[in-house]
Amino acid sequence: MTNRYLYITLLAVLGFNAETMTAQVQGQVKDAPRIVVSITIDQLRSDYLEAFMPLYSDKGFQKLLNDGRIYTNATYPFTPIDRASATAAIYSGTTPYYNNIIGQRWLNRKTLRPVGCVDDAKYTGVSTTEKTSPNQLLTSTLGDELKIASGGKALVYAIAPFRDAAVLSAGHAANSAIWIDDQQGTWCSTSYYSQALPLWVQAYNRLSAPRNKIESTEWEPYSLLGSNYSYLTQGGEVKPFKHKFNGTHQFQLYKTSALVNSDITDMAMQCVTSSGMGNDKVTDLLCLTYYAGTYDQKTVTDCQLELQDTYIRLDNELGRLMAFLEEKMGRDNVLYIITSTGHFDEEIPDYSAYKIPSGTFYMARTANLMNMYLGAVWGQGNYIETTYRNHIFLNRQLLETKKISMGDALSRSQEFLAMMSGVRNVYTSLQLLTSQNEQTLKVRNGYTPDNCGDIVIETAPGWTITNEETKENEISRASFTQFPIIFFGSGIHAERIQTPVTVDQIAPTVARSIRIRAPNACFSKPLF
């Protein structure tokens, strides 16, 4: 009898535990957001974001800043940064040293010609002539891991004005990456994901593609209040602007205007509605890129009201998107992540006019002088294969023929360059690949031996690096421009955190929130 009662009691305890575990598992599934909306805002700056607060509604930025978890001091753990390298870092959770995306373009060592970060001749464009794939991104992304974890059931879409941003945020396993074609002004993609555009994109192109409205579109200030506000107008009154988009580059111009953000929101809402994102318990991922840079890459001085209007309209678009998703699936079922690409297209000031130390460092001229020096040491020859941006590529074949070790060539080159005016630091490939010095860490994180030169030159602040062959100019600046990381929505409580963080922590944070593995080269800790 005693054994019988003991057996019954044991079964009851086990049954209770099983019910408890089942309830916990069900609770976990219920708590996971139905959709993650990752928003990357190209060139978003904290100072402008906060300066225009009086012009915002209570539905966009103000809602995010009041109710979100805000990391106010975000940085990128590598240098240099542009839109492509930033996007890849956000979604791969690691730096160019591992993910291979050092920028929008780099020099191909075999052909000695620049290549785009998403160029791929194997995959034809869909509604575009550009051949594209994410195959140069050498690590998995947040979307890739979500696809693996869900057995392919999760929906992953990326929408951006720009090709590189769309493809790098989509990753390898997405349903599609969609962007605006520079030539035709229609939404397009690549055969890497599918041989045809999704039906809802085709329908949207017929009705609302930028090319259908470009001739009648004018960009004017969004409101009279915005025209009269004068945060940036330090030189007196600035007249309201009016821009039309004409000429062979009209769609490229349009993509640097505030109006393109409305297209991103419209496409995002169409994507969610037509694809069924967020309709089941499997978490989906929607990656969006908005634009907050200057119009036509002009200086801030030349487009003050345009930049101000961009932030006002961006606030409106974020509010419109959040209101749509909240009405469709509820605030607790959507997790938003908002951050910046962290790079800013700044004007090159004339420091010399104000007696500020500055100068110009000429790459081709430097390469010629260095070649003469190495020739004096080892005999005549073309020791410098080429230069690209601030990188010098040595002629490895010649060094091998002359039986000169790479270490010796790099050491002598470094010594020569360090004596030149305007040079602050000279980094060699061996130094970047082997050193763990904290001073060189950011440069090393932005370096890959396959896509970078053998020598990287860093000039003093205020100096401009000029490549005489490509006509490209870059100014060296060590100043820090602040931008935030914002989490909002599902399971997020309002908090403002000033502890410095890095953007490679976003991917593991989201991965933990939706209970999947972080991308395969991500070793950063989650933010919470």
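State whether one or more residues within the stretch 409-422 are over 26 Å from G293 (Cβ atoms), of a type in the set (A, V, I, L, M, F, W, C), exposed (fewer than 14 other Cβ atoms within 10 Å of the Cβ) and not assigned by TED's automatic domain parsing to the domain that holds T95. Yes, the stretch 409-422 contains a residue that is over 26 Å from G293 (Cβ atoms), of a type in the set (A, V, I, L, M, F, W, C), exposed (fewer than 14 other Cβ atoms within 10 Å of the Cβ) and not assigned by TED's automatic domain parsing to the domain that holds T95.
Checked against the criterion of being assigned by TED's automatic domain parsing to the domain that holds R45 and in contact (Cβ under 8 Å) with a residue 12 or more places away in the chain, the candidates L394, L305 yield just one match: L305. For V443, the test of being modelled with pLDDT of 95 or more, surrounded by 19 or more Cβ atoms within 10 Å (Cβ to Cβ), under 23 Å from I475 (Cβ atoms) and within 28 Å of the chain's Cα centre (by Cα) is failed. Which number in (1) within 27 Å of A89 (Cα to Cα); (2) assigned by TED's automatic domain parsing to the domain that holds R105 marks the one condition that S435 misses? Status for S435: all satisfied but (2). Working only within the stretch 160-183, note down all residues that are assigned to a loop (DSSP other than H, G, I, E, B) and in contact with a helix residue (DSSP H, G or I) (Cβ under 6 Å, 6 or more places away or on another chain). Those that are assigned to a loop (DSSP other than H, G, I, E, B) and in contact with a helix residue (DSSP H, G or I) (Cβ under 6 Å, 6 or more places away or on another chain): A160, P161, G171, H172, A173, A174, D182. When the residues of the stretch 46-60 are narrowed to those that are part of a loop (DSSP other than H, G, I, E, B) and among the small types (G, A, S), which ends up surrounded by the most Cβ atoms within 10 Å (Cβ to Cβ)? Going through the qualifying residues, I end up with G60. Can you find a residue that is more than 24 Å from G116 (Cα to Cα), free of Cβ contacts under 8 Å to residues at least 24 places away in the same chain and out of contact with any Pro (no Cβ under 8 Å at 6 or more places or on another chain) anywhere in the stretch 422-432? Taking every residue of the stretch 422-432 in turn, at least one turns out to be more than 24 Å from G116 (Cα to Cα), free of Cβ contacts under 8 Å to residues at least 24 places away in the same chain and out of contact with any Pro (no Cβ under 8 Å at 6 or more places or on another chain). Does A149 count as among the small types (G, A, S), over 23 Å from the mean Cα position of the chain (by Cα) and in the same structural domain as M269 (by TED's automatic domain parsing)? Yes, satisfied.
Looking at the stretch 32-39, is at least one residue modelled with pLDDT under 90 and not polar (S, T, N, Q)? Yes, some residue in the stretch 32-39 is modelled with pLDDT under 90 and not polar (S, T, N, Q).
Can you go through Q505, Q414, Q397 and tell me which one is part of a helix (DSSP H, G or I) and closer than 18 Å to G342 by Cβ? After applying the criteria, what remains is Q505. Looking only at residues in the stretch 96-116 that are in contact with a Gly (Cβ under 7 Å, 6 or more places away or on another chain) and part of a loop (DSSP other than H, G, I, E, B), the one that is nearest to Y193 (Cα to Cα) is Q104.
The values are calculated or read from the model by the stated rules, or taken from the named source; none is laboratory data. None of these values were measured; they are calculated from a predicted model. Here Cβ is always computed from backbone atoms with ideal geometry, including for glycine, and neighbour counts include all displayed protein chains.
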